Amino acid sequence: MTRIKAIITDASRGGVSTKTIDANREDYKVLLSPIYTGICGTDRGIVSGSLKFAYNPHGSDYLILGHESVCEVRDSNVAGFKKGDLVVPLVRRPGDCVNCRIGRSDNCSDGNKHEAGITGMHGFMQELFTDDPEYLVKVEDRSLREIAVLTEPLKNVMKGFEVFQKVSSRYIFSGSDSTYLEKNALIIGTGCEAFLYTMMANEFGFNSMMTNRHPLSQNMLADLNDLNLSFVDYSQNPDKPFSSGIDLLIDTSGDPATVFNFIRKVNYNGVVLLFGTNGRAPPGSFDGVDIDYLIERNITIAATVDAAKIHYLQAIGYLSKWHYKYGNKLDRVITGKFSPDDNSLFERKQKDELKSVIQWND
Ligand code: DN4
Ligand code: BGC
Ligand code: ZN
């Protein structure tokens with residue numbers, strides 16, 4: 001039995017530690033080692049004990065963390081994968097419902113799916129683990145070694161835009177020139193998911209803007225500017241986010257008061273995507289006038305979670321494109337690399353953090 005390092009929590013209570021455990025490597029199809037694993041709000045929610053839906057695997061008193069990763073294949077017993085390949089493992093694993101059975105566990109109908117590092121399945125923050133080929137996507141473009149760890153957070157954004165396209169097809173959403181060039185997308189939040197949503201809104205041709213309730217540092221503004229992203233601090237400029245209204249509002253904050261504040265600026269036939277979660281956010285008020293406003297304008301509010309394998313493939317395609325276009329300006333989105341022994345990362349966000357990662361080998 002090989003002994004390996006793993007970052008674990010007890011999902012029922014929170015907390016985090018780095019432990020040496022026995023690696024399970026019997027009868028595997030593909031044997032993997034992480035290169036980088038990313039940290040996001042979900043990991044911090046589990047560690048702080050505030051993410052109530054997380055749970056340990058059946059029969060285990062701990063959960064190995066980690067759902068964002070880029071890994072190297074160490075050995076393979078199946079066709080299609082060989083030693084040295086770069087891969088990203090999928091987060092969700094299907095249950096038995098109709099959506100899970102057609103490859104859309106992101107739309108699971110009964111909640112009986114599992115999520116690596118979150119719900120009932122060990123995650124990728126361990127030196128060595130095994131997986132099945134159907135849950136792996138290959139990263140053929142080896143120049144993405146540094147940033148392919150963004151595949152997982154970006155796959156959520158690809159799904160979000162699929163949801164946007166589905167719900168906006170109930171009317172003609174585009175301008176009369178067939179494009180979104182005259183449409184405004186406001187993204188609430190300035191974390192990694194907001195950043196990726198704004199990159200993608202630009203791809204779609206929107207006038208896009210990120211917003212937060214505080215200013216950003218000059219360094220962060222310069223990095224965003226290098227990637228053609230705009231930002232406004234709405235606490236100082238409450239009227240700045242689009243005097244011509246908002247056509248697509250995407251929330252990554254999970255803050256009801258902020259969401260409702262901006263919903264009141266959404267245009268006719270607009271779309272609101274709810275994505276951020278924050279169970280500790282204070283209540284926001286919503287009254288009859290707000291409901292009238294939504295109805296009169298045919299506004300659609302849609303929630304979106306997770307993504308399917310197709311969205312991982314799309315995400316890798318966009319990372320390749322952006323890496324070619326922006327080079328090391330895109331690499332700067334990885335704002336910190338940490339050792340697996342440094343658990344402080346789980347307790348709070350780093351200054352100017354876009355994506356903090358754990359580096360597993362050199
Ligand atoms: P994050 O970096 O914590 O992003 C949250 C962002 O919202 C930060 O920039 C916050 O700013 C900002 N924010 C908080 N309150 C407000 C407010 N009142 N007004 C404006 N901005 C605000 O996390 P992330 O980017 O990794 O993920 C974003 C959210 O999506 C999290 O809630 C995740 O749990 C959720 N998520 C959902 C899925 C899914 O549905 C997947 C991944 C993540 P600051 O307070 O940090 O300055 O599949
Ligand atoms: C992951 C999703 C997952 C969600 C659960 C996110 O951090 O990216 O794949 O479904 O957490 O809330
Ligand atoms: Zn995540």
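Considering only residues in the range 108-129 that are without any contact (Cβ under 8 Å) to a residue 60 or more places away in the chain and among the polar types (S, T, N, Q), the one that is farthest from residue 304 (Cα to Cα) turns out to be 112.
For the condition in contact (Cβ under 8 Å) with a residue 60 or more places away in the chain and farther than 21 Å from residue 230 by Cβ, residue 157 does not qualify. In summary, strands (runs of 3 or more DSSP E) completely within the range 1-113 and bearing 3 or more residues that are within 16 Å of ligand 3 (Cβ to nearest atom) occur at 30-38, 68-76. Determine, yes or no, whether residue 285 is modelled with pLDDT under 95, among the polar types (S, T, N, Q) and more than 16 Å from ligand 1 (Cβ to nearest atom). No, not satisfied. Being away from ligand 1 (no atom under 14 Å from the Cβ), of a type in the set (D, E, K, R) and within 17 Å of the chain's Cα centre (by Cα) is the requirement here; does residue 309 meet it? Judged against the criteria, residue 309 is a match.
Restricting to the range 193-210, what's the tally of residues that are open to solvent by less than 10 Å² (accessible area, probe 1.4 Å) and near ligand 1 (Cβ under 6 Å from one of its atoms)? Of the residues in the range 193-210, 1 are open to solvent by less than 10 Å² (accessible area, probe 1.4 Å) and near ligand 1 (Cβ under 6 Å from one of its atoms). Considering the range 164-213, the residues that are outside any loop (DSSP other than H, G, I, E, B) and acidic (Asp, Glu) include one that is farthest from residue 354 (Cα to Cα), namely 203.
From the list 275, 262, 286, the one residue that fits, being within 20 Å of residue 193 (Cβ to Cβ), open to solvent by 20 Å² or more (accessible area, probe 1.4 Å) and either under 20 Å from the mean Cα position of the chain (by Cα) or away from ligand 2 (no atom under 16 Å from the Cβ) (or both), is 275.
Return yes when residue 325 is of a type in the set (Lys, Arg) and in contact (Cβ under 8 Å) with a residue 60 or more places away in the chain and no when it is not. No: the conditions fail for residue 325. Inspection of the range 251-258 identifies no residue that is open to solvent by 80 Å² or more (accessible area, probe 1.4 Å) and touching a residue at least 24 places away in the same chain (Cβ under 8 Å). Being over 18 Å from residue 127 (Cα atoms) and in contact with a helix residue (DSSP H, G or I) (Cβ under 9 Å, 6 or more places away or on another chain) is the filter; apply it to the range 328-344 and report the residue that is most open to solvent (accessible area, probe 1.4 Å). Checked the range 328-344; the qualifying residue most open to solvent (accessible area, probe 1.4 Å) is 332. A count restricted to the range 1-48 and to residues that are more than 21 Å from residue 350 (Cβ to Cβ), out of contact with any Pro (no Cβ under 8 Å at 6 or more places or on another chain) and not β-branched (Val, Ile, Thr) stands at 17. Would you be able to say whether some residue in the range 307-321 is crowded, with 17+ Cβ neighbours inside 10 Å and without any contact (Cβ under 8 Å) to a residue 40 or more places away in the chain? No, the range 307-321 contains no residue that is crowded, with 17+ Cβ neighbours inside 10 Å and without any contact (Cβ under 8 Å) to a residue 40 or more places away in the chain.
Is it true that some residue in the range 320-330 is within 16 Å of residue 148 (Cα to Cα) and among the polar types (S, T, N, Q)?
yes
If the condition is being among the β-branched types (Val, Ile, Thr) and within 11 Å of ligand 2 (Cβ to nearest atom), then the range 87-106 contributes only 91. For the range 69-112, filtering for residues that are in contact with a strand residue (DSSP E or B) (Cβ under 8 Å, 6 or more places away or on another chain) and either open to solvent by 60 Å² or more (accessible area, probe 1.4 Å) or more than 19 Å from residue 133 (Cβ to Cβ) (or both) leaves 7.
Within the range 320-350, the residues that satisfy the criterion of being touching an Asp or Glu at 6+ places or on another chain (Cβ under 8 Å), closer than 23 Å to residue 138 by Cα and assigned to a helix (DSSP H, G or I) are 320, 323, 326, 331.
Would you mind telling me which numbered condition in (1) open to solvent by less than 30 Å² (accessible area, probe 1.4 Å); (2) at pLDDT below 95 residue 66 fails? The number of the failed condition is (2).
The values are calculated or read from the model by the stated rules, or taken from the named source; none is laboratory data. Not measured: the values here are computed from a predicted model. Note that we place each Cβ from the backbone using ideal geometry, even for glycine, and neighbour counts take in every protein chain shown. Protein only, heavy atoms only, side chains kept; ligands, DNA and RNA dropped before computing areas. Shrake-Rupley method; radii C 1.70, N 1.55, O 1.52, S 1.80 Å.
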